[in-house]
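Only one structure is covered here, and it is reproduced in the block below.
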Amino acid sequence: MIKGFIFDLDGVITDTAELHFEAWKSLTDEKGWNFDREINDQLRGISRLDSIQVILAHNGISLDDSEKSDLANIKNDIYVKSLDEMTPDDYLPGAKELLTHLRTEGFAVALGSSSKNAEKVLEQLNAKPYFDIVGDGHSVTKSKPEPDIFLFGAEKLNLQPEECVVFEDAEKGIDAAKAGGFYSVGIGPEDRVGNADLRFDTMQDATLFEVKAHFTDLFS
Ligand code: B16
Ligand code: MG
């Protein structure tokens, strides 16, 4: 029986992937390193330091831990500044409607994001009332594709993984949901989240009606 929903943030509730891209691009341009949207897509759902590692490997560069952390901080300053421009109009289409519907139907709802800036994003969107629990990059040490952030959310909601549906836009996020024993809904193209139990191109397509229609036996 499904009693709860756990949502990824970036790429599911709002499109911060674009802001992450611009911040990484600004850093890598300054360094003269190669960075494009294809590489940016590989950073979906993974932590800031893991992201630096992907960018360095792509450019054949190796740095020590303190240099990596300095770069991560520079990128984060640029990213956080860009969040000031975010407003309650910046939900991905359909996201706010789904969150509202879940509230009216009384489902338990948690956030399960890898981001250490999730609280700020939720505040900018005025989204905090939609979540009973906020799990973010500060909540666990092992990030996606490990299932820890979703297990954290389920435990805080007092639910078992098989009582929750996870919404994710990242391949590694779907891997994390599956590793934890959760039902998964992928948001995005087949080649990215085709491994999910159910997939929609966009959040606008991902209505509660459609989710219930797919997992019929789990909602009766
Ligand atoms: P921060 P999610 C993830 O959020 C992003 O998809 C990923 O691109 C980012 O590197 C990660 O958060 C860490 O974010 O630098 O703000 O701590 O998709 O798990 O909500
Ligand atoms: Mg995401």
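The values are calculated or read from the model by the stated rules, or taken from the named source; none is laboratory data. All values reported here derive from a predicted model rather than from experimental measurement. When we count neighbours, we look across all protein chains shown, and the Cβ atoms used for this are built from the backbone with ideal geometry, even at glycine. Areas reflect the complete protein model, heavy atoms only, side chains present, ligands, DNA and RNA absent. Shrake-Rupley method; radii C 1.70, N 1.55, O 1.52, S 1.80 Å.
With unit charges on the beta carbon (Lys/Arg positive, Asp/Glu negative), name the residue among ILE55, TRP33, TYR79 whose Cα is farthest towards the positive pole of the charge dipole of the stretch 17-83.
TYR79
Under 8 Å for C-alpha pairs, at least 6 residues apart: give me the relative contact order for the stretch 72-177, rounded to a whole percent.
It rounds to 24 percent for the stretch 72-177.
Using alpha carbon centroids, what distance separates the stretch 156-216 and the stretch 1-67, in Å?
Using only Cα atoms to place each centre, the spacing works out to 21 Å.
Can you compute the helix-only [θ] at 222 nm over the chain? Use -39500 (n - 2.57) per DSSP H run of at least 4 residues, normalise by all residues, nearest 500 deg cm²/dmol.
Counting only the DSSP helices, I get -13500 deg cm²/dmol.
Taking a 23 Å limit on the Cα-Cα distance, which of the listed pairs LYS31/LYS81; LYS96/LYS120; LYS3/LYS96; LYS128/LYS178; LYS31/LYS120 fall beyond it?
The pairs that break the limit, which is 23 Å between Cα atoms, are LYS128/LYS178; LYS31/LYS120.
Size of the dipole of the chain about the Cα centre, Lys and Arg at +1 and Asp and Glu at -1 on the beta carbon, nothing else charged, in debye to 20?
For this selection, approximately 400 debye.
Could you work out how far helix 16-31 tilts from the main Cα principal axis of the chain, as a 0 to 90 degree angle to the nearest 10?
10
Could you check how much of the accessible area of the chain is carbon and sulfur, as a whole percent, using a 1.4 Å probe?
Carbon and sulfur atoms account for 46 percent of the accessible area of the chain.
Note down the relative contact order for the stretch 17-83 as a percent, whole number, built from C-alpha pairs under 8 angstrom at least six residues apart.
Result for the stretch 17-83 is 43 percent.
Would you mind checking which residues have amide H under 5 Å from ILE6's amide H? H placed 1.01 Å from N; only 5 or more apart, or other chain.
Excluding prolines and chain starts, which carry no amide H, the hits are ALA110, VAL165, VAL166, PHE167.
Calculate how steeply helix 171-180 sits against the longest principal axis of the alpha-carbon atoms of the chain, using the helix alpha-carbon long axis, and give the answer as 0 to 90 degrees to the nearest 10.
Between helix and principal axis, roughly 50 degrees.
Considering all alpha-carbon pairs of the chain, what whole percent are spaced by more than 20 angstrom?
Result: 56 percent of Cα pairs exceed 20 Å.
Enter the angle in degrees (range 0 to 90, nearest 10) between the Cα long axis of helix 95-104 and the first principal axis of the Cα atoms of the chain, meaning the one along which they spread out most.
40
What is the set of long-range amide H partners of GLY11 at a cut-off below 5 Å, with H atoms built 1.01 Å from backbone N?
For GLY11, whose amide H was placed from the backbone, the distant partners under 5 Å are THR16, ALA17.
Sort largest first and round to whole Å: the equivalent ellipsoid semi-axes of the stretch 63-178, each the square root of five times a Cα gyration tensor eigenvalue.
Numbers: eigenvalues 133, 81, 25 Å².
In descending order, the three semi-axes are 26, 20, 11 Å.
Taking the alpha carbon gyration tensor of the stretch 145-197, what are the square roots of 5 times its eigenvalues, largest first, to the nearest whole Å?
Working: eigenvalues 76, 19, 12 Å².
That gives 19, 10, 8 Å for the three semi-axes.
In percent, what relative contact order does the chain have, based on Cα pairs under 8 Å that are 6 or more apart in sequence?
26
Between ALA17, ALA57, ALA127, find the one with the highest GNM mean-square fluctuation for the chain; connect C-alpha pairs within less than 10 Å.
Comparing ALA17, ALA57, ALA127 in the GNM, the peak value goes to ALA57.
Gap in Å between the Cα centre of the stretch 117-144 and the Cα centre of the stretch 70-116?
Here the answer is 7 Å between Cα centres.
For the stretch 121-215, run through the trypsin sites (Lys or Arg not before Pro) and keep only the ones in DSSP coil with at most 16 other Cβ atoms within 10 Å of their Cβ.
Details: sites: LYS142, LYS156, LYS172, LYS178, ARG192, ARG199, LYS212; in loops: LYS142.
Answer by residue number: LYS142.
Quick one: dipole size for the stretch 17-83, taken about the Cα centre, charges +1 on Lys/Arg Cβ and -1 on Asp/Glu Cβ, in debye to the nearest 20.
Numbers: 8 positive and 13 negative charges, 28 e Å.
The dipole magnitude comes to about 140 debye.
Heavy-atom accessible area per residue, the chain, 1.4 Å probe: how many Å²?
47
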